[in-house]
Amino acid sequence: MRDIFYGLFAVLLAAGLFIPAGAKAAKKEKLPVAVAQYHLLDGKWDGTAQRLEEGGALTPFDTRMVCDKVAEGWAIACNIEGESNTAGEPVTFNEAHLIGIDPVSGAGRWFSIASGGTIRERLAEWTDSRTLFARARWDTPDGPAEETITYSFGGKKNLSFRTVITIAEKRVFEMTGTLER
């Protein structure tokens with residue numbers, strides 16, 4: 001019985017599930033400044049967006065973005081939802097995003113999946129202390145495609161954004177908006 005007790009104690013101690021009395025818990029590692037900068041996104045954001053349609057018409061959307069620190073602060077997970085009711089037909093979108101830093105290269109990474117199944121991986125960088133820029137490039141049957149996203153923070157409570165997608169250097173999608181906490 002004694003051997004079973006010592007064996008169980010050794011397993012719990014090795015797994016970090018048991019800390020003997022008087023022992024100090026491991027100190028939490030401080031996050032690099034480049035990682036902590038993404039924490040500006042943390043929280044609930046509400047506002048409006050406008051999608052530019054072909055021909056110049058704008059479709060307005062009520063937009064909500066909820067972001068949370070994940071992986072002990074090493075990344076931000078965001079869910080973005082939008083809803084519009086123009087011409088009596090509801091239009092919605094829902095996207096999930098995961099944004100963080102590659103600890104080896106130091107490069108920002110921004111992964112997303114949209115409700116239509118579109119998946120993107122982008123390189124992300126802070127162009128200054130208040131502007132987050134991301135870019136994805138891929139090939140399509142109609143030519144090379146590029147998506148750019150710019151988030152500009154006006155303090156901790158305001159954010160404006162712009163997303164543009166081009167195919168063969170022709171703009172096929174643009175959405176802009178403002179969000180507040």
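The values are calculated or read from the model by the stated rules, or taken from the named source; none is laboratory data. Please read these numbers as outputs of a predicted model, since none were measured by experiment. Every residue, glycine among them, receives a Cβ derived from its backbone with ideal geometry; neighbour counts consider all protein chains shown.
Points worth noting:
- If you go through the range 62-85 and keep only what is among the β-branched types (Val, Ile, Thr) and either in contact with a helix residue (DSSP H, G or I) (Cβ under 6 Å, 6 or more places away or on another chain) or over 18 Å from residue 160 (Cα atoms) (or both), you end up with 70, 76.
- Among the residues examined, residue 153 qualifies as under 18 Å from the mean Cα position of the chain (by Cα) and of a type outside the set (A, V, I, L, M).
- Residues being under 27 Å from residue 100 (Cα atoms) and surrounded by fewer than 13 Cβ atoms within 10 Å (Cβ to Cβ) - total across the range 51-77: 2
- When the range 88-131 is limited to residues that are free of Cβ contacts under 8 Å to residues at least 24 places away in the same chain and among the hydrophobic types (A, V, I, L, M, F, W, C), the one that is farthest from residue 64 (Cα to Cα) turns out to be 104.
- Considering 152, 115, the condition of being among the polar types (S, T, N, Q) and modelled with pLDDT of 95 or more is satisfied by 152 alone.
- Scanning the range 117-134 for residues that are more than 15 Å from residue 101 (Cβ to Cβ) and surrounded by 14 or more Cβ atoms within 10 Å (Cβ to Cβ) yields 120, 130.
- With respect to (1) closer than 20 Å to residue 65 by Cβ; (2) at pLDDT 95 or above, the lone exception for residue 146 is condition (1).
- Residue count, the range 10-50 (criterion: part of a helix (DSSP H, G or I), surrounded by 10 or more Cβ atoms within 10 Å (Cβ to Cβ), at pLDDT below 85 and within 34 Å of the chain's Cα centre (by Cα)): 1
- Positions within the range 102-149 being under 17 Å from residue 172 (Cβ atoms) and not in a strand (DSSP E or B), in sequence order: 116, 118, 141, 142
- Screening residue 93 on (1) under 17 Å from residue 51 (Cβ atoms); (2) not in a strand (DSSP E or B) shows it passes everything except condition (2).
- Selection status of residue 164, loosely packed, with under 14 Cβ neighbours inside 10 Å and either among the hydrophobic types (A, V, I, L, M, F, W, C) or in a strand (DSSP E or B) (or both): no
- Test result for residue 101, more than 25 Å from residue 167 (Cβ to Cβ), of a type in the set (A, V, I, L, M, F, W, C) and modelled with pLDDT under 95: yes
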